Structure formats: structure tokens, C-alpha cells
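Asks: First, the structure itself, so that you have it in front of you.
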Amino acid sequence: MVCPTKKRTISRANNKVIIADDEPIFIMNLNEMLSSQGFEVVGTASDGFEAIEECKKHRADVLLLDIKMPVLDGLTAAQCIYEEGLADTVIIVTAYSEDVFLDKANRVGVAGYLVKPISEKDIAPCLNIAIARSQELKKLRVEIDQVNRTLEARKVIERAKGLLMNKKGISEPDAFNFIRDISKNRNISMRKVAEVVLKEFESEFAG
């Protein structure tokens with residue numbers, strides 16, 4: 001078994017699981033293991049396309065996904081599921097532990113790995129650690145998105161300030177105060193005010 005190393009206790013509220021594997025006996029055995037550990041299997045799939053559909057139907061907390069499956073392989077399915085946000089945590093379950101598979105899995109948002117044959121005692125720790133890792137990565141992505149939005153807003157505001165300074169012959173502080181005051185009085189963001197300013201001057205120029 002290969003899993004992230006940081007351990008944290010996770011509430012069993014994160015217990016809805018989908019299993020995707022093309023071996024029915026393996027699915028049955030894994031289902032029993034998960035049930036004994038307090039997890040609820042809400043769906044199963046035998047190929048990548050079915051895994052995607054099951055995730056759309058059930059919005060599982062955890063997807064356990066085999067790499068080698070017919071029709072659509074597990075890593076391609078994992079990438080689609082990760083990009084569309086169809087499962088909170090994706091864990092690869094496979095008999096293959098070569099670096100080429102693990103490297104690609106890391107690039108498509110996989111949070112943990114279980115290598116066959118699976119021991120029942122490994123299930124809960126691996127899922128708990130992977131869920132914790134996914135939560136941390138999700139928080140990090142939100143923070144990065146917020147930083148990017150803030151930087152983009154600053155760029156728009158700077159452009160609007162420059163136009164105001166040029167067109168109205170005012171100083172930079174006055175241009176900033178102009179945008180800020182409208183933002184406060186109208187209860188809208190400074191970025192939105194800046195976008196209106198830019199649009200107004202663009203219309204003037206076009207006219």
C-alpha cells in the first residue's frame with residue numbers, strides 16, 4: 001500500500017464510497033471490508049465511464065478507482081472526475097505500483113493509493129489520510145483562486161485609474177478615491193466600478 005504519510009482523524013461523515021473495478025469478486029470483498037470499517041458503498045462501476053456516471057449520481061466522498069479497466073482506464077476517468085469536481089477524494093486501487101502510474105496519478109488529482117492485495121487493516125487509515133490530503137488541497141486551491149481574483153481586480157482598477165487620470169486630468173489618489181467612493185455609495189465592488197469606467201471610456205472612444 002502507498003499512501004500519504006500525514007495522519008489525521010476524519011469523521012465518518014465522509015463515508016460515502018464508490019468502487020470502480022472490473023473484477024466483481026474484488027468489488028464484493030472490498031465492499032465488505034469498507035462496510036466493516038463504517039463506510040457506505042453507494043455505487044459500483046466496472047469501467048471508467050461508469051465510474052464517472054456513478055460519481056454524477058451519488059457525489060461520493062471517496063472514489064476507489066482501479067487503473068486498468070476496459071473502455072476508459074482509471075487514470076483518464078480520474079482526471080475527468082477531478083476536473084469536474086465529481087468526487088471529493090480519489091484513491092487509486094491497483095496491482096501496479098510502477099512510478100509511471102503513480103506520477104500520472106499525482107498529476108490528475110489522486111489523493112492516495114491502495115496496492116492489491118489489500119489488507120482490511122489498511123483501508124481506514126488510507127482513506128482517512130487521503131480525505132485529509134484532499135481537504136487540504138481543496139483549501140489551497142480556494143486560497144490560490146482568491147489570490148488570482150484579487151490580482152486580476154487590481155489590474156482592472158489600475159487600468160481604470162489610468163484612464164481617469166488621462167481623461168479627467170486628476171491625480172492617482174483622486175482617481176482611486178473616485179472609484180472607491182462609487183463602490184461605497186453603490187455597494188458594489190471596486191472591480192465592478194473599474195469595469196464600468198473602462199467600458200464607458202471604450203464606448204466614448206468607439207463613438
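Asks: Those residues that are touching a Gly at 6+ places or on another chain (Cβ under 7 Å) and under 16 Å from Cys126 (Cβ atoms), I need them from segment 79-92; list them, please.
Replies: Val90, Ile91, Ile92
Asks: So which helices (runs of 4 or more DSSP H) are wholly in segment 61-180 and hold at least 2 residues that are touching an Asp or Glu at 6+ places or on another chain (Cβ under 7 Å)?
Replies: Fully inside segment 61-180 and qualifying: 120-168.
Asks: Related question: Please indicate, with yes or no, whether at least one residue in segment 31-45 is in a strand (DSSP E or B), farther than 21 Å from Arg141 by Cα and among the acidic types (Asp, Glu).
Replies: Yes - at least one qualifying residue is present in segment 31-45.
Asks: Test Ala175 against the stated conditions and say whether it is touching a residue at least 12 places away in the same chain (Cβ under 8 Å) and crowded, with 18+ Cβ neighbours inside 10 Å.
Replies: For Ala175, the condition - touching a residue at least 12 places away in the same chain (Cβ under 8 Å) and crowded, with 18+ Cβ neighbours inside 10 Å - is met.
Asks: Further, regarding this structure: Among the residues that make up segment 90-104, is at least one of them in the same structural domain as Leu63 (by TED's automatic domain parsing) and at pLDDT 90 or above?
Replies: Among the residues of segment 90-104, at least one is in the same structural domain as Leu63 (by TED's automatic domain parsing) and at pLDDT 90 or above, which makes the answer yes.
The values are calculated or read from the model by the stated rules, or taken from the named source; none is laboratory data. Quick caveat, the model's predicted, so the values are computed rather than measured. As a convention, Cβ positions derive from the backbone with ideal geometry for all residues, glycine included, and neighbour counts pool all protein chains shown.
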